[in-house]
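**Q** Shown below is the structure under consideration.
Only the coordinates and a few stated rules stand behind these numbers; no lab work does. What you see is a predicted model, and the numbers here were worked out from it, not measured in a lab. Cβ atoms come from the backbone with ideal geometry, glycine included; neighbour counts cover every protein chain shown.
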Amino acid sequence: MRNDASVVNDYAPVGYFEGFAIRGFPVDLASAIRIDGLTVSGEQNVPLENKERVEILKGLAGIDSGVVAPGGVINFVTKRSANVASVTTGVDSRGSTSAAVDLGRRFGPDHQFGFRINAAKENMHSYIDGTNGRRTFGSIAADWDISPRASLQFNAEFQQWIQRSAPGYQLLGGTVVPSVNTTSKALGTQPWAKPVTTDALNLNARFDYRFNDDWNAYIAAGRSRTMIDDNSAFAYGCYYAPSCAAGATSPFFFGANGDYDVYDFRSPGEYRRNDDLRAVTTGKFATGPLRHELTLGVSVQRRVVHMANAVYDYVGSENIDGPDIAFAPSPNTAGPSYPQLDSWQYGVFGLDRISIGEHWQVLAGGKEVLLRQRSWDSLDGDATHTDRSVFLPQVALVYKPVNVLSLYASYSKALSLGDQAPVRATNAYAFLPPVESHQFELGAKYDWLDRLSLTAAVFSISKPFQFADPDASGTSYTFVQRGTQRHQGIELGAAGRLTERLSLTASVAAIRARAYDSGSPAYEGHQIINVPALRASLYADYAVPGVAGLNMLGGVEYSAGRNANEEGTARVPSWFVFNLGARYTTKIGGHRTVLRVSVDNLFNKFYWRDAGEQQGDAYLFPGAPRTARVSLTYDF
């Protein structure tokens, strides 16, 4: 995903699930992370060992794929069964080790059956002190070609991720970026803190049937479940620190001198589940001179969240430059788990791609959604009910003056669940209402000599603004939904082969992100937090002449500075990061063998990779220092 300049980290602490933003909008964890097109619980680090590719679906690509969300959608495509057998081992310069197996077969009289098994074990040595961990993963994909017309697929994967999490830094006094030159310090370390344990199970199945050469149908169903035991000594604010007692510093940030509070945070049994069912028919036909590619379908999606009232108790104060101090943990225990959200979405959708002559295409369709949702903010509280019906149009006009060039204009509307208020808010645990977003886009795609694909897009996306609204005293806040957040930008991309030996992927994204009509003038008139005005990436793969099987790899990423608070009064600086690597493919004992060597952050640059916001609070996370990796894949 780092090849796409529009994708950045957005609240991605070490030891926790990784958050992303696309075109400046945080990816919706309830609906915008998908496996094989079906929604999964986004509160997980989706494993890659069994994935064929990762797709970033946005703009016209999202409309064409039938998935639309603010910014975009991340879709992971699972590897299918094949006659493969390989083992991969790896190590990095910090002592992390990993091993993975990829085993698949096609069998039966007509090779109509197939399976693929992936398994991995990793011992993670983090660049942050005290945050080592381990990961275990296993998956199976099964295929059955029932007949020339019918096929059945099934996928199951489970991953357990156990690792101590590292809290982020915060602005000093709410306005100053900390002067930090090390990435290894863990804030608030306590001997009683436990690792965060994340168990993720993803299941899906799909039945395809081909009626004839023009008409097809499929039924797909999936269930995704994450269970998180979140335990940490959490560094946050300075409400209790003596240096902040006078009230000159907002309690939501570190003290001006680097003081911060340490909390015993325990939230066991965080349960989130996504269920997704859809039935789709696709077909081709003509009406006079018009050629149609029609998609019709129905869908049911459910999102369930169960959580307990967490322990979140102050235990002491430290300083970012001082030694670790051991404090006694809180004697309190978390409450019982209870349902906080039960959301159903029923949808009927259709999309028709109409070809008019050789040069014009019209995409017209939409989705009628019925949303029924109940949410609770306490164990014995009354439910908040939401019943809403909305039509989500999707339209695009495509013009192809020549075969290799496409010009398009598109509009889409999307519906996503509202964010949940954090434990510190006056409306803690409350889910905000669902939000509608609108996206306009103009773009072009050019295929140069069937070797290089060039793309350009101009977009404007708007959705309700969700933020932490401080009270008059500045000592507490309410998480609210008010005003509009609008992102306007330009994207440029190139991918393919420049020569027979040189391949590249290049991407540039320039985004102007603003808030309007929020009722908080300090939050308006400047770039929204953690959205770089300019980001770029370039990666190249060069086949070395004279050395068969040797490829040199290299890349560079750039990010402009980013605002680190909602008021836009503090910024993290811009950065360049360079990466270098090599891949050597040969045969050992007649078996294909691939050796990979890479060095990320080649010049050991210190930089703030993430100035993201989590439910109203702003955090700073340093990027990883220089890290070398070596892996060996052996096919047997």
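**Q** What whole-number distance in Å separates the alpha-carbon centres of segment 508-550 and segment 134-199?
**A** What the calculation gives is 23 Å, centre to centre.
**Q** Determine the gain in length on full extension of the stretch E52-Y584; use 0.36 nm per residue of separation and subtract their C-alpha separation, reporting nm with one decimal.
**A** Contour length minus the Cα-Cα distance gives 189.4 nm.
**Q** For S574 paired with H438, estimate the spin-label separation in nm (one decimal), with each label point 7 Å from Cα along the Cα-to-Cβ line.
**A** 3.3 nm
**Q** Taking 0.36 nm per intervening residue step and subtracting the Cα-Cα distance, what contour gain separates A409 from T426 on full extension?
**A** 1.8 nm
**Q** Using the Cα centre of the chain as the reference point, and only Cβ charges (+1 on K/R, -1 on D/E), how large is the resulting charge dipole? Debye, rounded to the nearest 20.
**A** Approximately 1760 debye in magnitude.
**Q** Return, ordered by residue number, the residues of segment 368-404 whose backbone nitrogen is under 20 Å from a label point located 7 Å along Cα→Cβ of Y446.
**A** What the label zone holds, given the 20 Å backbone N cut-off, is 398-404.
**Q** Between the alpha-carbon centers of segment 556-625 and segment 1-40, tell me the distance in whole angstrom.
**A** If we compute the Cα centre of each part, the gap is 15 Å.
**Q** How many angstrom separate the Cα center of segment 404-464 from the Cα center of segment 324-352?
**A** Comparing the Cα centres of segment 404-464 and segment 324-352, I get a distance of 25 Å.
**Q** Follow-up. If R0 is 41 Å, what FRET efficiency do you get for F636 and N604 from their C-beta distance, rounded to 0.05?
**A** The pair F636/N604 has a calculated efficiency of 0.65.
**Q** May I ask you to evaluate 6.51 cos²θ - 1.76 cosθ + 1.60, the Karplus curve with θ = phi - 60°, for each residue of segment 402-412 and list the ³J(HN,Hα) values in order in whole Hz, giving x for glycine and proline?
**A** 9, 4, 9, 10, 10, 10, 8, 9, 9, 9, 8
**Q** OK, next. Normalised by the number of residues in segment 67-152, what is the relative contact order in percent for Cα pairs under 8 Å and 6+ residues apart?
**A** That works out to 24 percent.
**Q** Here is a follow-up. In nm, give the distance between the simple-model label positions of A286 and N45, each being 7 Å from the Cα along the Cα-to-Cβ direction.
**A** My value for the distance between the label points is 5.4 nm.
**Q** Between (i) 44, 33, 22; (ii) 39, 31, 26; (iii) 38, 32, 23, which entry matches semi-axes √(5λ) of the Cα gyration tensor in Å as derived from the coordinates of this structure?
**A** (ii)
**Q** Pull out the extension gain between I356 and Y399, defined as 0.36 nm times the separation in residues minus the alpha carbon to alpha carbon distance; nm, one decimal.
**A** Result: 14.5 nm gained on full extension.
**Q** If packing is taken as the mean number of other Cβ atoms within 10 Å per residue, what is the order of 225-237, 569-581, highest first? Please list the in-between numbers first.
**A** Values: 225-237: 22.2, 569-581: 16.9.
Result, highest mean first: 225-237, 569-581.
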